[in-house]
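Working notes, beginning with the structure itself.
The values are calculated or read from the model by the stated rules, or taken from the named source; none is laboratory data. Here the structure is a predicted model, which is why all the values come from computation and not from measurement. FYI the Cβ positions are ideal-geometry reconstructions off the backbone, even for glycines, and counts take in every protein chain you see.
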Amino acid sequence: MTGHMGFVGVTTGGSSIMRIFPRWAEILDLPTRTLVGHDLPLDAAAADYRGLVEQIRDDPDHLGALVTTHKMALFEAASDLFDELDAFSTLCGEVSSISKSDGKLLGHAKDPITAGLAVAEFLPDDHFGSTGADALILGAGGAGTALSWYLSERSDRPRSIIVTDTSAERLDHLRDVHVRRGTPTGLVRYVLASGPDVTRGLLAELPAASLVVNASGLGKDRPGSPLPDGAVFPHAAYVWEFNYRGTLEFLAQAREQEAASDLVVVDGWRYFIHGWTQVIAEVFAIDLTDELVERLADAAEDMR
């Protein structure tokens, strides 16, 4: 067996995928059992992203890569190095999957698909239509952008999709994505989280059964939560932590209120499973079935 797959992140060595990938490679009969981490800091320079993409492109033994955390920054710095980018990647301005085919370097944004697959596992199909609930997405980076895309395309859209971020630039980018996509005017609110009272107030205004999501990266890439201490989730809310590893302060806040407020609390494990299986399928040209995904999920659970 020759070659390897890459994993672009911040602290890739701490991810369960480093233990799981060889087992998945065995199940899928991949041409390699080796996964190599490429760690870049959150404030990496454009030259670092370009150098990494060039390395992947020019090394025949580098078969492709999954990109996390750096999806938008990598696109901004190195999108011109790709021979082809899919529609999601171009419109959302991110790359989460790097693959090769017939001598071409390909970039895909798999997060809208991944978000949809993960949401469908815990949120009823008619949830928003039957409850009139809102969605509050804390973070306008790649993951938050993808989830807002998915929710705006559902047949039962939320009454309102509120997206917060500490960066006005990221919110402006998200607004541009929705304008280009043709998202209905007024469906999405873009809120600058200038202080803890902003997010505390938004949470207090949500109707019962709303969806509240940590898409900020806090609790994984760096400690903390996008919600201040003492913030109260709405009754019967669905609370989704995108992360499955790290300090997970947001998840702890939700767990503390889970029983008393009848919350449905979901961590990022299944999101992790869908994210990796989608990219592996792209890199190695595999047709995924529900049965195959569940077989891989079961194997991963045994090694979690």
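Brief remarks on what is shown
- The residues of segment 119-160 that are within 27 Å of ASP176 (Cβ to Cβ), out of contact with any helix residue (DSSP H, G or I) (no Cβ under 7 Å at 6 or more places or on another chain) and among the acidic types (Asp, Glu), listed by number, are ASP134, GLU153.
- The listed residues are ASP165, ASP172, ASP176, and the only one of them that is buried (at least 20 other Cβ atoms within 10 Å of the Cβ) and of a type outside the set (Lys, Arg) turns out to be ASP165.
- Residues in segment 62-83 that are touching a Lys or Arg at 6+ places or on another chain (Cβ under 9 Å) and part of a loop (DSSP other than H, G, I, E, B): THR69, PHE82, ASP83.
- Put simply, of ARG181, ARG255, ARG200, ARG189 the only residue that is among the charged types (D, E, K, R) and in contact (Cβ under 8 Å) with a residue 40 or more places away in the chain is ARG181.
- Taking segment 227-304 and the helices (runs of 4 or more DSSP H) fully enclosed by it, the elements with 2 or more residues that are closer than 24 Å to ALA140 by Cα are at 249-257, 269-284.
- Selection within segment 11-40: residues that are in a loop (DSSP other than H, G, I, E, B) and modelled with pLDDT of 95 or more. The member of this set that is surrounded by the fewest Cβ atoms within 10 Å (Cβ to Cβ) is ASP29.
- When we screen ARG222, ARG245 for residues that are among the charged types (D, E, K, R), modelled with pLDDT under 95 and farther than 24 Å from LEU192 by Cβ, the only hit is ARG245.
- Of the residues making up segment 257-278, not a single one is touching a Ser or Thr at 6+ places or on another chain (Cβ under 9 Å) and basic (Lys, Arg).
- Test: residue in segment 212-235 that is in contact with a strand residue (DSSP E or B) (Cβ under 7 Å, 6 or more places away or on another chain), among the β-branched types (Val, Ile, Thr) and within 15 Å of ILE162 (Cα to Cα): yes
- Residue that is farthest from ILE280 (Cα to Cα) [pool: residues in segment 84-118 that are in a helix (DSSP H, G or I) and among the aliphatic types (A, V, I, L, M)]: LEU91
- Scanning segment 50-81 for residues that are farther than 23 Å from ARG33 by Cβ, in contact (Cβ under 8 Å) with a residue 40 or more places away in the chain and of a type in the set (S, T, N, Q) returns a single hit, THR69.
- Top-ranked residue in segment 15-66 [being out of contact with any helix residue (DSSP H, G or I) (no Cβ under 7 Å at 6 or more places or on another chain) and acidic (Asp, Glu); ranked as nearest to PRO223 (Cα to Cα)]: ASP43
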